[in-house]
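The values are calculated or read from the model by the stated rules, or taken from the named source; none is laboratory data. Keep in mind it's a predicted model, so treat the numbers as computed, not measured. In this analysis, Cβ positions are derived from the backbone assuming ideal geometry, glycine residues included, and neighbour counts consider all displayed protein chains. The accessibility values were calculated without ligands, DNA or RNA, using every heavy atom of the protein model including side chains. Shrake-Rupley method; radii C 1.70, N 1.55, O 1.52, S 1.80 Å.
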Amino acid sequence: MSLRWFADWLDTHAWSTALHESLYMYPYIETTHVLALTLFVGTLAIVDLRMLGFAYRTTPISTISQSVLPWTVVGFVIMFVTGLLLFYAIPVRTYHSVWFRIKVIMIVLAAINATHYHYRISKNRILWDNAPRPPRSVRMTAAASLFLWVVVIFSGRMIAYNWFDCDRPQPDWVITLAGCVIDEVASL
């Protein structure tokens with residue numbers, strides 16, 4: 001079963017169409033997604049800026065993390081659920097979106113970065129927790145986190161535009177990146 005087949009299958013559901021064409025529900029879900037993203041990235045940025053040594057330099061990183069990371073988790077869960085609903089509403093177009101593909105890749109990289117931090121770098125946090133400027137590995141992880149989430153936000157915003165949609169004439173590189181299926185009969 002391919003992802004393309006799955007997107008095509010989702011697109012056949014009446015609820016998918018109803019959600020996309022809904023006068024109120026789709027905008028509510030999209031608004032909730034953006035607000036949850038703001039909560040998630042905003043609280044994550046507080047921790048990342050502290051890890052970079054740019055903010056709250058006299059407060060231990062563990063204290064800031066304990067204060068804001070529960071909100072980060074809440075924001076992530078709401079953002080994830082509403083993101084799935086947004087995909088469900090327009091599965092085929094979203095699946096073929098170059099911007100969506102970039103967004104998913106950046107989210108995966110951000111997850112790898114967070115996993116690397118939590119399982120490798122933070123193990124010796126006791127040594128640098130109070131430091132106004134943590135070690136380079138900590139700062140690099142925080143910088144990567146901020147960069148990846150900025151790209152996720154930018155890419156997510158660009159999904160709304162149809163510049164690279166498969167139903168429009170596109171250069172070969174876009175057709176390849178978007179995974180567009182070209183009908184051989186139509187091109188003859």
Trypsin sites (Lys or Arg not before Pro) restricted to the range 100-188 and DSSP loop, no more than 12 other C-beta within 10 Å: Arg120
List every residue whose amide H lies under 5 Å from the amide H of Ala55, counting only residues 5 or more places away in sequence or on a different chain, with H placed 1.01 Å from N in the peptide plane. Arg50
With θ set to phi - 60°, apply the Karplus curve 6.51 cos²θ - 1.76 cosθ + 1.60 along the range 102-108 and write out the HN-Hα couplings as whole Hz, x wherever there is a Gly or Pro. 4, 4, 5, 4, 5, 5, 4
Could you bin all the Cα-Cα distances of the chain into 10 Å bins starting at 0 and give me the percent of pairs in each, rounded to whole numbers? 9, 30, 28, 19, 11, 3, 1
Tell me, how many Å apart are the Cα centres for the range 43-116 and for the range 132-161? 9
Separation of the Thr115 and Val74 label points, Cα + 7 Å toward Cβ, nm: 2.8
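Ranked from the most accessible area to the least, with a 1.4 Å probe and all protein chains present, what is the order of Tyr56, Tyr161, Tyr117, Tyr88?
Largest accessible area first, the residues go Tyr56, Tyr161, Tyr88, Tyr117.
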Rounded to whole Hz, the Karplus (6.51, -1.76, 1.60) HN-Hα couplings of the range 38-43, x for glycine and proline: 4, 5, 4, 5, x, 6
With the contact rule set at Cα under 8 Å and sequence spacing of 6 or more, what percent relative contact order holds for the chain? 28
On the full set of protein chains, 1.4 Å probe, figure out the accessible area of His33 and give it in Å² to the nearest 10. 30
Placing unit charges on C-beta atoms (Lys and Arg positive, Asp and Glu negative, everything else neutral), compute the dipole magnitude of the range 93-188 about its Cα centre in debye, rounded to 20. 840
Phi angles of the range 51-60, converted by Karplus (6.51 cos²θ - 1.76 cosθ + 1.60, θ = phi - 60°) into ³J(HN,Hα) in whole Hz with x for Gly and Pro, give 5, 6, x, 9, 9, 6, 4, 8, 9, x
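Largest first, what is the accessible-area ranking of Leu84, Leu127 with a 1.4 Å probe?
Correct descending sequence by accessible area is Leu127, Leu84.
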Toward the positive end of the charge dipole of the range 14-109, about the Cα centre and with charges on Cβ (Lys, Arg +1; Asp, Glu -1), which of Thr38, Gln66, His96 goes farthest? Gln66
What residue among Leu84, Ala143, Thr17 has its Cα farthest toward the positive end of the dipole of the chain, where the charges are +1 on Lys, Arg and -1 on Asp, Glu, each on the Cβ? Ala143
About its Cα centre, how strong a charge dipole does the chain have in debye, to the nearest 20, once Lys and Arg get +1 and Asp and Glu get -1 at the Cβ? 1260
